Structure formats: C-alpha cells, structure tokens
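Participant: This is the structure I have questions about; it appears just below.
The values are calculated or read from the model by the stated rules, or taken from the named source; none is laboratory data. Only a predicted model underlies this, so the values are computations on that prediction, with no experimental measurement involved. Backbone-built Cβ (ideal geometry, glycine too); neighbour counts: all protein chains shown.
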C-alpha cells in the first residue's frame, strides 16, 4: 500500500517557511480509513518519520503532526523526535484527565504543543496552559475574535498562527494583529498594482525565458540575450558545475552546457535558474513549489500516457506560479511566452486533458483527497503511481533548489 502524504507550508513574519503541516490519507477508500482519526494520524507520523525520512518531507524544518486522543494517551507521540515534531492537538480532542496528563508529559520532555482550530471555551483552558502555539481559522472566526485572541494569549508567551490565509490583504491584517505564523495559499497569489512597471531585472529574465523556450533553440541568440543580465551565465555555469550534476569535466561556456546537457535539460535548468533570480523579492517557497510541481508533472507524463509531452508538463508546472513571481496577470505573461497552446490554455483554467492533469497534481499537493480520487478515476490513473512520484519530485526539488541557492 502506498503512503499518501502531502504538505502545506507555515510561514513566519519574514515569509520564510517555519514548518510544514503534513496532509495525509491513510488508504484509498476514504480520507481517514476508519471512523475515527487515530489510525490515520498514527500512520502518517510513523510513515513520515521512520519510513520516508523527515528531511525529505520537510527539508529539515519542523513538521506539524495532527494527533488524536489515542495517540496521546497511548504514548505514540513520544516515538517522534521532539526537535522536529510539533504536536498539533485536533479540535475534537476532549481535554480530560488522561489527555492533560499525556500533554504535561510531552511538555516536560521538550515537545512543542499546538492547538488546532482553536475556539476559546472554558473547557479548553487547561490545554491552553500547556500550549506553545494556538492556531486560528481565519475563515470561521471574525476579525474581532481574531484580534481578541492575540490580546488574550500573546502576553502569556503563546504564539498565534493564522490558518487559511488566502490573500495578501488577510496576511497583512493578521500581521498587524500580532500573529506570528501564517498558513494558507496567500504566497502563491500575485500582488497586481495598476500602472506599476515590471522591474528591469525581472523583465530581462522574462525575455530569457521567452527565448530559451522557443520550439527551435537558437544557441547564438541564447548566448547573446543571456549577456543582457550580466551574472546569469556565471550563475548558470556555477550551478551546472555543482556537485548536484557530478560532471567529470568543468563546463566553461553556455555552448558547452548545451552540448553536455542536451536541449531539453538545458531549457529546464536555464528556466529554473532564471525563475530563481526573478523571485529574489519573494518567499523562496514560491520557486520551490513551482519547480517541484514541474518535476512532478514531468514524472507523471508516462502514467497519463503522454511521455512525449514530459517537457511541456514540466514547463506547465514551473510557469503555474509565474504571475505571483512577476506580479502581473497570468494572461499578460503567457501571451508572449513561446510555449504550447494547450499548456497556456491549461494554465488559464480552460478545460482539456492538460488542465485535468494539472488539477490532479494540484489536488494531491493540497491534500484534497476526494477531488484527487475523482480526477484519477476520470483519467484512468492508478492512484498508487502518484505518491512515489511526489516523493521523487520533492527530493529532486530539494537537492536542485539547494544547489541553485548556492549558485544564486
């Protein structure tokens, strides 16, 4: 049986990733596999830390693990490494004597404790006394209560995390209220300011992206246009010469890189390094998600019976967040980009085979398991093929992103 685990980033006030919450499904039949949450929560914890390797899943950051009453009182949580795991107590857990005793024991052992979907009721006060982090659902609580919770608990040393933060406006409001952590998809949305010019350095990288993704690559023109951004050739060559690639000879020029990598791989790495440079003023998670999504879609190509479109699927992934990187409407950016018409259509939300594949990948990423199952069935894809591809893409993206950060 394959292990279905996805993740969602939790950001700090500098919009750097503080941790990931693990999103999981323990079986193919339904979301939790049992009428209660215990089996699913226990399975994701043990699978992620002992089978998959926590570093692969979280890149060395903390992992928020949803825990149930049974996990707490039976001592399963103590199997998790305290320096990596944040014990996230689900809102359905009643704070009875056994639960509170288990939480005190975990607290004494050095674990961080978070309360999920917190509602300030008298019966939860004993848990609050043990909590390090309180998570507040910004879709189900009003602004008055959101602010009151900060005023009530922050002076006691408890950090507050805003959940389901879907726009930059809500992010700013939460920051002004005094929240410490932020979870949601706000970071993948563009901030479009009418009349504002695209910064010059981003414009140069956009032109490079346009040129290197033409159907027929003009090597000489690529070299010429890359010289418009003086450091790009140096960064690209430094990246390609890194330990990640493991060449036995030093690659000294763009032409040499083209010969050694081949056209498709050169396009991939040049696109990646250009994207990384364009997003210098953005959360690094934005580029990471784009390249991971691209790699996962590329690996998915044979499973969706489109092996010849692997490169197009990679491009569909990395361009899926370019509007948030450039802060321009996606249509404006894609209109001048020489990529396949059906890739553009899929990114713009038009129904079709590629859009279905894109939504399949997105539903897995976000842990929308019911939608994922429906789309997989519709496309006649064995669900078990996706988790190993996701893990391979995550590992590849982590390694390549680290190498790119060193080069950039």
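Participant: Looking at 339, 325, 333, which is the one that is crowded, with 16+ Cβ neighbours inside 10 Å and not in a helix (DSSP H, G or I)?
Facilitator: After ruling out the rest, the residue left standing is 339.
Participant: Residue check, residue 187 against (1) modelled with pLDDT under 95; (2) more than 25 Å from the chain's Cα centre (by Cα); (3) in a helix (DSSP H, G or I), all met but one. Which one?
Facilitator: Against the list (1) modelled with pLDDT under 95; (2) more than 25 Å from the chain's Cα centre (by Cα); (3) in a helix (DSSP H, G or I), residue 187 comes up short only on (2).
Participant: Suppose we keep only residues that are under 26 Å from the mean Cα position of the chain (by Cα) and at pLDDT below 70 within the range 191-231. Which one would you say is surrounded by the most Cβ atoms within 10 Å (Cβ to Cβ)?
Facilitator: 198
Participant: Does at least one position in the range 289-307 carry a residue that is in contact (Cβ under 8 Å) with a residue 40 or more places away in the chain, out of contact with any strand residue (DSSP E or B) (no Cβ under 8 Å at 6 or more places or on another chain) and farther than 16 Å from residue 389 by Cβ?
Facilitator: No, because not a single residue in the range 289-307 is in contact (Cβ under 8 Å) with a residue 40 or more places away in the chain, out of contact with any strand residue (DSSP E or B) (no Cβ under 8 Å at 6 or more places or on another chain) and farther than 16 Å from residue 389 by Cβ.
Participant: With the checklist (1) within 23 Å of the chain's Cα centre (by Cα); (2) within 20 Å of residue 62 (Cα to Cα) in hand, flag the one item residue 79 doesn't pass.
Facilitator: Every listed condition holds for residue 79 apart from (1).
Participant: Still on this structure, please answer the following. When you scan the range 303-313, do you find a residue that is surrounded by 23 or more Cβ atoms within 10 Å (Cβ to Cβ), over 17 Å from residue 210 (Cβ atoms) and within 15 Å of the chain's Cα centre (by Cα), even just one?
Facilitator: No, the conditions are met nowhere in the range 303-313.
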